[in-house]
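Take a look at the structure below.
What follows is calculated from the coordinates using simple rules that are stated; it is not laboratory data. If you're wondering where the values come from, they're calculated on a predicted model, not measured in any experiment. Neighbour counts run over all protein chains shown; Cβ positions are idealised from the backbone, glycine included.
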Amino acid sequence: MTGNLERSSAHHICGRLVLMTSVLALTLFTGSAGAQLDGAAGLAEAPVCVNNKGEPVQFRTTGRGRPGLAAGMAIRDSSGKPVVLRSNYPAAPRVFQQFIDRHECAHHQTGDVDRPHPPRNGPEHLMNESISDCVAIRRLRDEEGFGEPEFDRLADALRTDMTKIGFPESSIASRIRNISGCFANPASARDLIDQVLKERGLPVQ
Ligand SMILES: [Zn+2]
């Protein structure tokens, strides 16, 4: 992503990674393979999302991004409002759209968006991505009733698109293993968010 949004700060921007580099990165993208579209616009309903400061997060569709690859970006817009930008969502299966939304929301919930972006693809960055993945899958399990079939469809979509982008099998397997472990663990998304906020010395909502 380029332009004012990118220059405005060091906010977390998942989508930027794949646009600029194909090195190891735990980000969210997908292509058109196996898309299962629901609704008139082919878009999943955006989830409720409130950041760690109690501000409501808006979801907006953007025309930016790489054609055919769905992506999300968690940022503050030029007026400072927390937003999730959805690009090319109709290219993705619905379960993957739902996952991207909640993953990006988690970057707002944990305060990532207002913290300096850690070195790209370093351990802290990868940990933030793992946390957002974990929050996302637990919300889908607890709020949207995701079971094994939905999990499998999501993992398939993730694998297909990460492969297409050029991620090594080891990163794909590692990411899916993390999501699977979170899915199996009965702790809630909120439990994890609160733990992260505490570790960061940020107020728990
Ligand atoms: Zn992310």
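Quick check: residue separation of Glu148 and Ser79 times 0.36 nm, minus the Cα distance between them. What number comes out in nm?
Working: separation 69, 0.36 × 69 = 24.84 nm, distance 4.08 nm.
That pair, Glu148 and Ser79, stretches by 20.8 nm at full extension.
Neighbouring Cβ atoms within 10 Å as the yardstick, rank Arg120, Arg86 fewest first.
Working: Arg120 14, Arg86 25.
If I rank by nearby Cβ atoms, fewest first, I get Arg120, Arg86.
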The long-range amide H neighbours of Phe59, using H built 1.01 Å from N in the peptide plane and a cut-off of under 5 Å, are Val84
By how many nm would the segment from Thr163 to Ser180 lengthen if fully extended, with 0.36 nm per residue of separation less the alpha-carbon distance? 4.3 nm
Just to be sure I understand the model, the point goes 7 Å from the Cα along the line to the Cβ. What's the resulting Ala173 to Glu199 distance in nm? 2.5 nm
Please state the shape class of region 123-205: rounded when a/c is under 1.5, otherwise prolate if a/b exceeds b/c and oblate if not, all from the C-alpha gyration tensor. oblate
